[in-house]
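> One structure is given below, represented as C-alpha cells, and several questions about it will come after.
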C-alpha cells in the first residue's frame, strides 16, 4: 500500500527532475526541509516545478562550493515536493520541501533556464514509496547513542515527541536535521534499508560523542 499522499503510484514518479545541489541540505521521505530561494536560476526552477509535479531533487555537491557553475554532484539524492511556499517583498521564495523518494542519477540532462536537470532512477529506492515493516534492530541502544550525542553537542530535542515516533520517521528526520558532516549525511542517504541506516547513524553519533563537543553546523 502506498504511503505517499502526494504521488498516488510509484509509476507516477517523473522521468525528469530538476535538481538543487546544496551541501549539508538533505531531505528524506516524509521529512520537511525549509528552504529560502533567491538565485534567479532557482527561482525559475521553483516556478517550473509549481507548474508540474511540484518536485525538486536535493543533491549534495561532491566538493565545497568554489564558484563552479556546475559542480560535480553525488549520484544519490532525494526528491521532495513543494508542500507550501510564500513570496517575500524582496523577491525570495520561502518554501517547505517534503521528502518523497530517493533516487540515483541515471543521466544529467541539458540545463533549463539556468538550472540543472537529471533523469532519475527510482528503482533502487522503491522501499521509500511503499509501506515496510522493517524497524530498528535495537531502538533502545539507538536512543542511548542519540541522547549522548545530543547532550555533548548541545542539540535540543523534544524527547517526548521523539519517543512517540516510528523508527523510519525518527531515523529519516535525524538524517536530515542532525548537525552531521555532509559526507556522513551522504553515506546515510545512500544506505537503502532502515536497519543499516540506523546502525550507521548510531556509529556516527558514537564516534562524534567520543570526539567531544564542537559539532559541525549545518548551513543552508
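The values are calculated or read from the model by the stated rules, or taken from the named source; none is laboratory data. The model shown is predicted, which means the values in this text are computed figures rather than measured ones. As a convention, Cβ positions derive from the backbone with ideal geometry for all residues, glycine included, and neighbour counts pool all protein chains shown.
> When you check residue 184 against the structure, is it over 30 Å from residue 44 (Cα atoms) and either assigned to a strand (DSSP E or B) or more than 13 Å from the chain's Cα centre (by Cα) (or both), yes or no?
No: the conditions fail for residue 184.
> What about residue 191, is it in the same structural domain as residue 42 (by TED's automatic domain parsing) and under 18 Å from the mean Cα position of the chain (by Cα)?
Numbers: in the same structural domain as residue 42 (by TED's automatic domain parsing): no; under 18 Å from the mean Cα position of the chain (by Cα): yes.
Against the criterion (in the same structural domain as residue 42 (by TED's automatic domain parsing) and under 18 Å from the mean Cα position of the chain (by Cα)), residue 191 does not qualify.
Residues checked against (1) within 24 Å of residue 177 (Cα to Cα); (2) surrounded by fewer than 18 Cβ atoms within 10 Å (Cβ to Cβ); (3) at pLDDT 95 or above:
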residue: 16; (1), (2), (3): no, yes, yes
residue: 20; (1), (2), (3): yes, no, yes
residue: 37; (1), (2), (3): yes, no, yes
residue: 62; (1), (2), (3): yes, yes, no
residue: 72; (1), (2), (3): yes, yes, no
residue: 77; (1), (2), (3): yes, no, yes
residue: 80; (1), (2), (3): yes, no, yes
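> Checking residue 157 against (1) free of Cβ contacts under 8 Å to residues at least 40 places away in the same chain; (2) under 26 Å from residue 36 (Cβ atoms); (3) not assigned by TED's automatic domain parsing to the domain that holds residue 201: exactly one of these is not met. Which one?
Going through (1) free of Cβ contacts under 8 Å to residues at least 40 places away in the same chain; (2) under 26 Å from residue 36 (Cβ atoms); (3) not assigned by TED's automatic domain parsing to the domain that holds residue 201 one by one, residue 157 breaks only (3).
> Only residues that are in contact with a helix residue (DSSP H, G or I) (Cβ under 6 Å, 6 or more places away or on another chain) and touching a residue at least 60 places away in the same chain (Cβ under 8 Å): list them for the stretch 169-187, please.
Within the stretch 169-187, 175 is the sole residue that qualifies.
> Considering each of 215, 208 in turn, give the residue that is part of a helix (DSSP H, G or I), buried (at least 17 other Cβ atoms within 10 Å of the Cβ) and at pLDDT below 90.
Details: 215 fails: part of a helix (DSSP H, G or I).
Only one candidate qualifies: 208.
> Follow-up question, since we're still on this one. Please find, among 34, 71, the residue that is assigned by TED's automatic domain parsing to the domain that holds residue 124, assigned to a loop (DSSP other than H, G, I, E, B) and touching a residue at least 12 places away in the same chain (Cβ under 8 Å). I'd like the intermediate steps shown before the answer.
Details: 34 fails: assigned to a loop (DSSP other than H, G, I, E, B).
Just a single option satisfies the conditions, and that option is 71.
> Can you tell me which of 190, 169 is surrounded by 14 or more Cβ atoms within 10 Å (Cβ to Cβ), modelled with pLDDT under 95 and within 21 Å of residue 56 (Cα to Cα)?
Numbers: 190 fails: modelled with pLDDT under 95.
Among 190, 169, only 169 is surrounded by 14 or more Cβ atoms within 10 Å (Cβ to Cβ), modelled with pLDDT under 95 and within 21 Å of residue 56 (Cα to Cα).
> Okay, moving on. May I ask you to list the residues in the stretch 99-119 that are more than 16 Å from residue 40 (Cβ to Cβ), touching a residue at least 60 places away in the same chain (Cβ under 8 Å) and more than 20 Å from the chain's Cα centre (by Cα)?
109
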